[in-house]
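To start, the structure itself, in structure tokens.
The values are calculated or read from the model by the stated rules, or taken from the named source; none is laboratory data. What you are looking at is a predicted structure, and each value in this text was computed from that prediction instead of being measured. Positions of Cβ are backbone-derived with ideal geometry, glycine not excepted, and every protein chain shown enters the neighbour counts.
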Amino acid sequence: MRAIVTHDRGISIPHEAKIVNIRELTDTTKLFELKFVQNHLNPLFEHVPGQFVEVSIYGIGEVPISITSPPTKRGSFELGIRNVGNVTNAIHNKKKGDIVGIRGPFGNGFPIADYKGKDLLFVTGGLGYLPLRSVFRYAIDKKEDYGKIFLLYGDRCPSDILFPEENDEYEVREDIDFQCTVDRDDDRCWEGNLGVVTNLFSKIADQIDPNNTIAMICGPPIMYKFVIIELEKLGLDGDHIYLSLERKMKCGVGKCCHCGVGDKFVCIDGPVFTLRQIRTLPEALM
Amino acid sequence: MVSKLISRKKIPELVDAMIGDFIVVATTNKNNVPTLTEISSSDEVLFDTELPMISIKKLFHPAKQDLFKFNRTTGVIKSCLEESDIGVEKKIVVFGVRPCDITGNNVLDEIFKEYFRDEFYNTLRERALIIGINCLQPCYENCFCESMNSNDPKSGYDLMLTEIAKDNFIIVPNTDGGKRILRLYPDLFQEPTDEDFEKYVRTLELKKNSFKKDILVEGLPSELEDKFESRAWKKYTKECLFCGSCTFVCPTCYCFNVKDKISIDLKTGIRQREWDSCYYPEFASVAGGHDFRHEKERRFRYRYLHKFIDIPRRYNVEGCVGCGRCITYCPADIDVRDVVEDVRGEM
Ligand SMILES: Cc1cc2nc3c(=O)[nH]c(=O)nc-3n(C[C@H](O)[C@H](O)[C@H](O)COP(=O)(O)OP(=O)(O)OC[C@H]3O[C@@H](n4cnc5c(N)ncnc54)[C@H](O)[C@@H]3O)c2cc1C
Ligand code: SF4
Ligand code: SF4
Ligand code: FES
């Protein structure tokens, strides 16, 4: 499924979308709900969880942002954006009703639909939560299609934790094993786990069936190395470990070469790769 | 047979006739370096000359390309494809393109149509007819097209001129567009005789013997892969100035950056793309300061691996066509052939 509704005028030309809702997630991260101005595009717009769009702030530039809402949400979509530079800052200054440009969705996404009946293990750190949210919310919406769901989430500090109210929901559900940790708790307001996300593996290790589990990972580059070690300890196969890579992107469509890793382009061949694929790509993990 | 014969002295007449019907681009001495430009008379054409500094890639993937105009609050006003000269009906004829540049551009054809058709490149490309001129011997000391199998392209051109005897050329069409040009100017061509064809066949055989291989590309990708940590990369990284010249003059380098420019009214602007270079420090760095290719050595190596491993694997074509431009224009005298041989030669 590669549903592209937004390139009828050429792949370089965005379509206008209106910000219909803004919610502050943390001090630096906001959630934007968007709808295309051309109304007929809204029902056509579909995505695979893990895909991204290119968001334009006209006059400032364009950035890749993952769709954080699940494909099961129709009619509008959500982007969670952290303010880290020129374009993301300009997005944060936008108000409800303002226009941004959208191209996409691009990239392959996580092949979750191929893994019906499997147990799913999600591991995420920091902003990696946002792309992965699209996947695990999809799996939760279609819970009857999947086995156990494990969700391990680590962030820097309690105030950075994304979607705490949704996490509380997962926490109380029997069919989801949600584990969360923070690196530090300077204000001493946190009652949960302290330390890095890999510490959480010991809590679920005895429930993981390595032959029936698909792992999906998204987080900062540094996290991958350690998470991979844990997954291999659990006995997961390289074909059953999916990682989403981050790279600089300019075009999103395999032309500008900024996102090149070996003979792959993260924007069109990725951002999601299996661990086995990644092992053949020089400089993929670092 | 649809091929024709044309004498050397009729070639300027052909060029001038085409100027009446097409936009004609050829190698001229503009700015005192061989440069591809639109011409208004055959007098401007440098016919028996070295390669233009920048290959035909600049005609389809210009150094700067306007993408669209926008209003900062309401969004896209208009794609730049819809206006300016890009959309005009008149075809472009590029006259006198060397085989290596034709082969090089075939690489860009693959890239700009893969997955998503790039509307700018492809519109410009589809509008062009290419008249090639065969090389019968290496054109200069930096050429190694034979090594890269690039001097006998099977596609990517419409007509090919081959000099079969002093002052006589066989002109062979490779597409319907090429045949159309031959039909447009019947008075300038003659029917080749059997003897002309024999000469043509002999010329092509002689051509084969005039080129030798500098480097062997068979097995090169996996050899380079094994030499990922070679010390030779370090040695050349120290010499390289990271000026990017080699990437700009390379017919198969195409990477670009995208920028928004705001107009003087502060309300509207234009999105542009412009050539970039993987040798520049910001190429792979992202917000927050992380750089996926921070060490210079990684940057230096990436260009070679991309040309000699990634492009062949991904698109099934050579990523370097052996035109030698990167050697000619490198201020640090780095020779791509030496780099490849040093890396693979190291134990
Ligand atoms: C596939 C993918 C999905 C992403 N999803 C999200 C998300 O859901 N939420 C979120 O907050 N961020 C996400 N990012 C990161 C986001 O793209 C960058 O934070 C953003 O590009 C920074 O742009 P800037 O102009 O604010 O920063 P500047 O430092 O001013 O960046 C200048 C330009 O460099 C490029 N660039 C810089 N950093 C990155 C980067 N990390 N990745 C790609 N291009 C970059 C952009 O073209 C940007 O305009 C994602 C990145 C990728 C590759
Ligand atoms: S032209 Fe020479 S010095 Fe400049 S970046 Fe290329 S190899 Fe380095
Ligand atoms: S790498 Fe050098 S020799 Fe090869 S095609 Fe590019 S400019 Fe020509
Ligand atoms: S972002 Fe341009 S090639 Fe991937």
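Based on this model, can you work out whether B:LYS207 counts as under 23 Å from the mean Cα position of the chain (by Cα), among the charged types (D, E, K, R) and outside any loop (DSSP other than H, G, I, E, B)? Reasoning before the result, please.
Details: under 23 Å from the mean Cα position of the chain (by Cα): yes; among the charged types (D, E, K, R): yes; outside any loop (DSSP other than H, G, I, E, B): yes.
It is true that B:LYS207 is under 23 Å from the mean Cα position of the chain (by Cα), among the charged types (D, E, K, R) and outside any loop (DSSP other than H, G, I, E, B).
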remark   = Just one listed residue, out of A:PHE136, A:PHE110, A:PHE106, is of a type in the set (Phe, Trp, Tyr), within 14 Å of chain B (Cβ to nearest Cβ) and surrounded by 20 or more Cβ atoms within 10 Å (Cβ to Cβ), and it is A:PHE106
inquiry  = Against the conditions (1) surrounded by fewer than 20 Cβ atoms within 10 Å (Cβ to Cβ); (2) more than 10 Å from chain A (Cβ to nearest Cβ); (3) farther than 26 Å from A:PRO220 by Cα; (4) within 16 Å of ligand 4 (Cβ to nearest atom), where does B:GLU239 fall short? Just the number, please.
reply    = (4)
query = Does the stretch B:266-277 contain any residue that is within 16 Å of ligand 4 (Cβ to nearest atom), within 14 Å of chain A (Cβ to nearest Cβ), within 25 Å of A:ILE57 (Cα to Cα) and modelled with pLDDT under 95?
reply = yes
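For the stretch A:258-286, give me each residue that is surrounded by fewer than 21 Cβ atoms within 10 Å (Cβ to Cβ) and within 9 Å of chain B (Cβ to nearest Cβ).
If we filter the stretch A:258-286 for residues that are surrounded by fewer than 21 Cβ atoms within 10 Å (Cβ to Cβ), which is where we start, we get A:263, A:268, A:274, A:276-277, A:279-283, A:285-286.
Residues satisfying the conditions are A:ASP263, A:ILE268, A:PRO282, A:GLU283, A:MET286.
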request  = Would you check which residues across the stretch B:155-202 are on the phi > 0 side of the Ramachandran plot and either in a strand (DSSP E or B) or touching an Asp or Glu at 6+ places or on another chain (Cβ under 8 Å) (or both) and list them?
outcome  = B:GLY156
inquiry  = I'd like the full set of residues that are crowded, with 24+ Cβ neighbours inside 10 Å and either in contact (Cβ under 8 Å) with a residue 40 or more places away in the chain or of a type in the set (Val, Ile, Thr) (or both), limited to the stretch A:139-160.
reply    = A:LEU152, A:TYR153, A:GLY154
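For the stretch A:83-120, enumerate the residues that are of a type in the set (Val, Ile, Thr), at pLDDT 95 or above and in a loop (DSSP other than H, G, I, E, B).
Initial filter on the stretch A:83-120 (of a type in the set (Val, Ile, Thr)): A:84, A:87-88, A:91, A:99-100, A:102, A:112.
The next check asks that each one be at pLDDT 95 or above; those that pass are A:87-88, A:91, A:99-100, A:102.
Within the stretch A:83-120, no residue meets the criteria.
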message = Can you find a residue that is within 13 Å of chain B (Cβ to nearest Cβ), touching a helix residue (DSSP H, G or I) at 6+ places or on another chain (Cβ under 7 Å) and surrounded by fewer than 22 Cβ atoms within 10 Å (Cβ to Cβ) anywhere in the stretch A:34-44?
response = yes
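Based on what the data block shows, is B:SER285 surrounded by fewer than 21 Cβ atoms within 10 Å (Cβ to Cβ), within 14 Å of another protein chain (Cβ to nearest Cβ) and modelled with pLDDT of 90 or more?
On the way: surrounded by fewer than 21 Cβ atoms within 10 Å (Cβ to Cβ): yes; within 14 Å of another protein chain (Cβ to nearest Cβ): yes; modelled with pLDDT of 90 or more: no.
Taking the combined requirement at face value, the residue does not satisfy it.
Out of A:VAL20, A:VAL48, report the one residue that is more than 14 Å from chain B (Cβ to nearest Cβ), hydrophobic (A, V, I, L, M, F, W, C) and part of a loop (DSSP other than H, G, I, E, B).
Working: A:VAL20 fails: part of a loop (DSSP other than H, G, I, E, B).
After applying the criteria, what remains is A:VAL48.
Would you be able to say whether some residue in the stretch B:322-332 is in contact with a Gly (Cβ under 8 Å, 6 or more places away or on another chain) and more than 11 Å from every other protein chain (Cβ to nearest Cβ)?
Filtering the stretch B:322-332 for residues in contact with a Gly (Cβ under 8 Å, 6 or more places away or on another chain) gives B:323.
Of the ones still in play, those that are also more than 11 Å from every other protein chain (Cβ to nearest Cβ) are B:323.
Yes, the conditions are met somewhere in the stretch B:322-332.
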request  = Tell me, please, whether a residue that is surrounded by 15 or more Cβ atoms within 10 Å (Cβ to Cβ), modelled with pLDDT under 95, within 14 Å of chain B (Cβ to nearest Cβ) and over 19 Å from the mean Cα position of the chain (by Cα) can be found in the stretch A:233-244.
outcome  = no
key: Unique residue being of a type in the set (D, E, K, R), out of contact with any Leu (no Cβ under 6 Å at 6 or more places or on another chain) and within 16 Å of ligand 1 (Cβ to nearest atom) when the list is B:ASP342, B:ASP276   = B:ASP276
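This table checks each residue for (1) modelled with pLDDT under 90; (2) away from ligand 2 (no atom under 16 Å from the Cβ); (3) closer than 17 Å to B:LYS213 by Cα.
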residue	(1), (2), (3)
B:ILE309	no, yes, no
B:GLY324	no, no, yes
B:THR328	no, no, no
B:ASP335	no, no, yes
B:GLY345	yes, yes, yes
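Among the strands (runs of 3 or more DSSP E) confined wholly to the stretch B:17-103, which include 2 or more residues that are touching a strand residue (DSSP E or B) at 6+ places or on another chain (Cβ under 8 Å) and within 16 Å of ligand 4 (Cβ to nearest atom)?
Details: elements: B:23-28, B:35-38, B:64-71, B:75-79, B:92-97.
Where strands (runs of 3 or more DSSP E) fall fully within the stretch B:17-103 and carry at least 2 residues being touching a strand residue (DSSP E or B) at 6+ places or on another chain (Cβ under 8 Å) and within 16 Å of ligand 4 (Cβ to nearest atom), they are B:64-71.
Among the residues of the stretch B:104-130, count how many are of a type in the set (Lys, Arg), assigned to a helix (DSSP H, G or I) and within 11 Å of chain A (Cβ to nearest Cβ). Walk me through it before giving the result.
Taking the stretch B:104-130 as the starting set, the residues that turn out to be of a type in the set (Lys, Arg) are B:113, B:117, B:125, B:127.
When the remaining residues are screened for being assigned to a helix (DSSP H, G or I), the result is B:113, B:125.
Those left that are additionally within 11 Å of chain A (Cβ to nearest Cβ): B:113.
Selection size over the stretch B:104-130: 1.
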message = Six or more apart or on different chains, Cβ atoms under 9 Å: show the pairs whose first residue is in the stretch B:311-329 and among the charged types (D, E, K, R) and whose second is within 16 Å of ligand 4 (Cβ to nearest atom) and assigned to a loop (DSSP other than H, G, I, E, B).
response = B:ARG313/A:GLY262; B:ARG313/A:ASP263; B:ARG314/A:ASP263; B:ARG314/B:GLU114; B:GLU318/B:THR252
